[in-house]
Every structure is written in C-alpha cells, then in structure tokens.
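Everything on this sheet refers to the single structure shown next.
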Ligand code: BG6
Ligand code: MG
C-alpha cells in the first residue's frame, strides 16, 4: 500500500493520526442541505493549506520592488481570483500603465517566488484539523474534491502528499473563467458525478462563495471574513464540516 492510499484508509493517516470521532450532527438544528450532501468540494489555498499566506508574501515582494502600495486589506480582494486578475488589482494601485508584456513578466516573477515557498512544503504542512475533516468525511462515505483557481494545484497536492487522495480535482489549468464564475465547481461536481445541490463548497474567499451560489451549491465559509460572505454556513474550523453531513 503506498502512502497516499494509506492516507485514504479508514483507520487514520500515514503519520498515525487517528480519525477523530465526530459528534453525531444535530440535523434538526442545522439548515436545509444537512440531509442531502453527498460530496464536499474544498477550495485549496486558505482552506486545505495555508498557501494563501505564501500568495500574499510573494505579491508583497513584487509590489515592494515596484514601489506599489500593497497590504493585507488589498490582498483580501485577491482571494479566489486568478493570477492575472490578482496582478490587475495590485497594479490598480500603481501610478502608471503596464503593458501586457510587462504584466506577463510580473506574473512570472510572482509565481517563481511563490513556487519557491511551495517547494519547501511537506505533508507536515497539512494541519491535524484538515486531516480529521478529510478522514471523517471519508468514513461517512462523502465524495471529496478540490475546486481551485490555482494553476499550481497539482504541485501543492504533491507537496502535501495528496496527489491521489481526492476523488476529483478541478483547477485553474482546466477552466477558462475563474471564481466568482462557478465553472471550477461545476467541473468538480461533474467529475464527482453529483448534482450541485448535493455538493457542499468550502471556501475562504468571497469570490468562492459567490461562485458556489451562482452554481447552485450550498456553501460553508471559513476564515477572517467568513461571517460577512453570505455563505449558508460559517465554520470556525474545517473539521466543523463533519457536523453538516
Ligand atoms: C486561488 C488563490 O486559489 O488561486 C488566489 O486564492 C490565486 O489568490 C489563484 O491568485 C491563482 O493561483 P496560482 O497558483 O495559479 O497563481
Ligand atoms: Mg482560497
């Protein structure tokens, strides 16, 4: 049995972490979709792993070099949107126009810095809480997918030891419109073979929650701005998802 399959096993994770026994969900006290969820589609950056911080650090390095103001408030607008759209938002704070060629080079510069950080990630970067969530969902027979705008999704999953873990992966290399368009989630649902109404989307981005809504998916938000995104559910931690299925 290889390590990825071990991760998938019913008894726990490759590192010996046991699946936490989840409390029986009290469906009566929870809203609408509690009963019918057959799959969970996870956003990647800022949900499965902390790569949202690496995106921030890499953009900050580029913005500083260019002398463009950039902070966490501006960064929050980049969550969920594509690399080039992110760059356009950052350059919106610049005092001059950038050509398409310059933008290509800046996007490449940011991605180089970002991938250096990704290259230092290991399966240890997966939190115990995320492992509990994924393992608990598996034990309940829930389909698991990733729905991410990132073109680095395969690399990140590889670094985390999750390359063969998910039942479906839809990412930035397979879509033409990034969140808030629902394309990536619709693709994930299609790969899973489930209707959008039966697949819960877990997101840390307002654009992601908007995409879920546009595609007809129930949604759960996590992170600093979670309560302001208009998601169906707000999670304090990822493993809270176990109470919703
Ligand atoms: C999303 C992130 O997951 O991926 C965005 O939330 C990012 O911040 C987007 O811009 C694209 O990522 P990448 O890895 O293709 O540059
Ligand atoms: Mg995200």
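The values are calculated or read from the model by the stated rules, or taken from the named source; none is laboratory data. Since we're looking at a predicted model, the values are computed, not measured. Here the Cβ positions follow ideal geometry from the backbone for every residue, glycine too, while neighbour counts run over all protein chains shown.
Observations on the model:
- Check on residue 56, in a loop (DSSP other than H, G, I, E, B), more than 17 Å from residue 155 (Cα to Cα), touching a helix residue (DSSP H, G or I) at 6+ places or on another chain (Cβ under 7 Å) and modelled with pLDDT of 95 or more: no
- Residues in the stretch 47-61 that are surrounded by fewer than 20 Cβ atoms within 10 Å (Cβ to Cβ) and touching a residue at least 40 places away in the same chain (Cβ under 8 Å): 50, 57, 61.
- Residue list for the stretch 93-109, restricted to those being modelled with pLDDT of 95 or more and under 16 Å from residue 60 (Cα atoms): 103, 105, 106, 107, 108, 109
- Residue check: residue 49 meets all listed conditions (1) more than 15 Å from ligand 2 (Cβ to nearest atom); (2) farther than 21 Å from residue 210 by Cβ but one, namely (1).
- Members of the stretch 112-126 found to be in a loop (DSSP other than H, G, I, E, B) and in contact with a strand residue (DSSP E or B) (Cβ under 8 Å, 6 or more places away or on another chain), listed by number: 121, 126
- Residue check, residue 187 within 13 Å of the chain's Cα centre (by Cα) and within 16 Å of ligand 1 (Cβ to nearest atom): no
- Test for residue 81: is it surrounded by 15 or more Cβ atoms within 10 Å (Cβ to Cβ) and modelled with pLDDT under 95: yes
- Number of the exception - residue 170 against (1) away from ligand 2 (no atom under 15 Å from the Cβ); (2) touching a strand residue (DSSP E or B) at 6+ places or on another chain (Cβ under 6 Å): (1)
- Any hit, the stretch 84-106, residues being at positive phi and surrounded by 11 or more Cβ atoms within 10 Å (Cβ to Cβ): no
- Within the stretch 195-228, the residues that satisfy the criterion of being in contact with a strand residue (DSSP E or B) (Cβ under 6 Å, 6 or more places away or on another chain), more than 16 Å from ligand 2 (Cβ to nearest atom) and more than 14 Å from residue 146 (Cα to Cα) are 218, 227.
- Residue match in the stretch 128-145 (condition: within 15 Å of ligand 2 (Cβ to nearest atom), buried (at least 22 other Cβ atoms within 10 Å of the Cβ), within 25 Å of residue 84 (Cα to Cα) and touching a residue at least 12 places away in the same chain (Cβ under 8 Å)): yes
- Tally, over the stretch 89-111, of residues that are part of a helix (DSSP H, G or I) and away from ligand 1 (no atom under 11 Å from the Cβ): 9
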